[in-house]
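Reading through the structure tokens given below for one structure.
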Amino acid sequence: MDNEAKHRAGRNMIKARFHEYYRRNRENITPPKSMGQREFGFLLFVEGAMLRHKSFNQPSELGKFIEATVPSDIYYSAAYYMDPEAPMDRKGWTGSDLIFDIDADHIETECKRIHDKWRCDTCGASGGGKPPIICPKCKGQRFTETTWMCRECLEEAKNEASKLIDLLIRDFGMNHEEVNLNFSGHRGYHIHVESEIFKNLGSDERKEIVDYLTGVGLDLKLLNLSYPTDESDASGKLTSHDPGWRGRIARSVEEIVLRMDREPLGKLGLRREVIESIIEYRKNIGKDISEFIKDV
Ligand SMILES: [Zn+2]
Ligand SMILES: [Zn+2]
């Protein structure tokens, strides 16, 4: 059997397994909300062939189509349209989900130094982790990178995803049913928000949300975080129950302080009684910290 025939036989075998899977599970497909307003796309096993501009009103129609065409990948639009089957310029956009892509590639983890490698294209020098800007040996600037994704990388991506979900729920008032977390299939997670409130936002408003999430333009004065000049004015003091960024900053400070020992706490300039209160609190984790630390 030549290579081409082997390749074809392998593809047919995988396609048969997919077919079997679809046949058994077509009733279990959970379609996205408002499925009739979305465009669906299907990547077929025939090399690179993509079927687009499809729409379905019922999960059963979608199930039948999947079983008949046996695609390797299925996509649906984040956007909602008046006519999802029309050509792009005539679909009539009516809204979009909010989607966040958390990619472990972009998170600096210790393990990357072990499993990621670079090699200088000019002199062949190599090393672990991200490539340098210029090669330390020949000052070349072109590198070939080999990257990998390990359990630790994915765990970090998962932590970032859960921080984001926490923020969407606490600060934006989304509810759990509107926020879906999916493994992206390779390098991280997709957070998909299907909400009537966010559906009609334009691109400027979406950028504002990203700025809020990433802390761009965070103004400490507006958050009333400038140090109170008047000792009797307690309004600038943070508590972990404060809404938005104030509470988030407070919870992070708490987390950092609670991990510190007496000596570094002393270096922060805290009084002895305060340090002892923090140490005491550690033994009572779960209670409200303000019961222990009255006057930091
Ligand atoms: Zn080099
Ligand atoms: Zn890793």
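Scanning segment 132-150 for residues that are away from ligand 2 (no atom under 16 Å from the Cβ) and of a type in the set (Val, Ile, Thr) yields ILE133, ILE134, THR144.
Within segment 176-194, residues that are part of a helix (DSSP H, G or I) have Cβ atoms under 6 Å from residues that are surrounded by 17 or more Cβ atoms within 10 Å (Cβ to Cβ) in these pairs: GLU178/VAL193; GLU178/GLU194; GLU178/SER195, counting only partners at least 6 apart in sequence or on another chain.
When segment 125-149 is limited to residues that are surrounded by fewer than 16 Cβ atoms within 10 Å (Cβ to Cβ) and touching a helix residue (DSSP H, G or I) at 6+ places or on another chain (Cβ under 6 Å), the one that is nearest to HIS190 (Cα to Cα) turns out to be TRP148. Just one of the listed residues (GLY48, GLY36, GLY41) is within 29 Å of the chain's Cα centre (by Cα), within 12 Å of GLU85 (Cα to Cα), of a type outside the set (A, V, I, L, M, F, W, C) and loosely packed, with under 15 Cβ neighbours inside 10 Å, and it is GLY36. Inspect segment 12-26 for any residue being under 30 Å from the mean Cα position of the chain (by Cα), at pLDDT below 90 and surrounded by fewer than 17 Cβ atoms within 10 Å (Cβ to Cβ) and give the result as yes or no. Yes, there is a match, as at least one residue in segment 12-26 is under 30 Å from the mean Cα position of the chain (by Cα), at pLDDT below 90 and surrounded by fewer than 17 Cβ atoms within 10 Å (Cβ to Cβ).
Any residue in segment 139-159 that is part of a helix (DSSP H, G or I), more than 16 Å from ligand 1 (Cβ to nearest atom), modelled with pLDDT under 90 and of a type in the set (Asp, Glu)? Within segment 139-159, not a single residue is part of a helix (DSSP H, G or I), more than 16 Å from ligand 1 (Cβ to nearest atom), modelled with pLDDT under 90 and of a type in the set (Asp, Glu). Taken as a whole, the structure places THR122 among residues that are farther than 20 Å from TYR189 by Cβ, among the β-branched types (Val, Ile, Thr) and within 16 Å of ligand 1 (Cβ to nearest atom).
Contact map, segment 67-92: first residue on the phi > 0 side of the Ramachandran plot and assigned to a loop (DSSP other than H, G, I, E, B), second residue of a type in the set (Phe, Trp, Tyr) and surrounded by 14 or more Cβ atoms within 10 Å (Cβ to Cβ), Cβ cut-off under 6 Å, separation 6 or more or different chains; pairs are VAL70/PHE18; GLY92/TYR81. If you go through segment 1-29 and keep only what is without any contact (Cβ under 8 Å) to a residue 24 or more places away in the chain and under 30 Å from ASP83 (Cβ atoms), you end up with ASN25, ASN28.
Scanning segment 166-191 for residues that are out of contact with any His (no Cβ under 7 Å at 6 or more places or on another chain) and surrounded by 15 or more Cβ atoms within 10 Å (Cβ to Cβ) yields a count of 13. Based on what the data block shows, is PHE45 touching a Ser or Thr at 6+ places or on another chain (Cβ under 8 Å), over 27 Å from ASP204 (Cβ atoms), assigned to a loop (DSSP other than H, G, I, E, B) and away from ligand 2 (no atom under 16 Å from the Cβ)? Yes, satisfied. Listed by first and then second residue, the pairs with beta-carbon distance under 8 Å, at least 6 apart or on different chains, first residue in segment 111-137 and in a loop (DSSP other than H, G, I, E, B), second more than 8 Å from ligand 1 (Cβ to nearest atom) and among the basic types (Lys, Arg), are ASP116/LYS130; ASP121/ARG142; THR122/ARG142; ALA125/ARG119; GLY129/LYS112; GLY129/ARG113; LYS130/LYS112. Restricting segment 160-175 to residues that are in a loop (DSSP other than H, G, I, E, B) and not polar (S, T, N, Q), the residue that is nearest to ligand 1 (Cβ to nearest atom) is MET174. Given the residues GLU85, GLU110, which is the only one that is within 16 Å of ligand 2 (Cβ to nearest atom) and either in contact with a Gly (Cβ under 9 Å, 6 or more places away or on another chain) or of a type in the set (Asp, Glu) (or both)? Answer to the check: GLU110.
The values are calculated or read from the model by the stated rules, or taken from the named source; none is laboratory data. It should be emphasised that the depicted structure is a prediction, and the values quoted were computed from it without experimental measurement. When we count neighbours, we look across all protein chains shown, and the Cβ atoms used for this are built from the backbone with ideal geometry, even at glycine.
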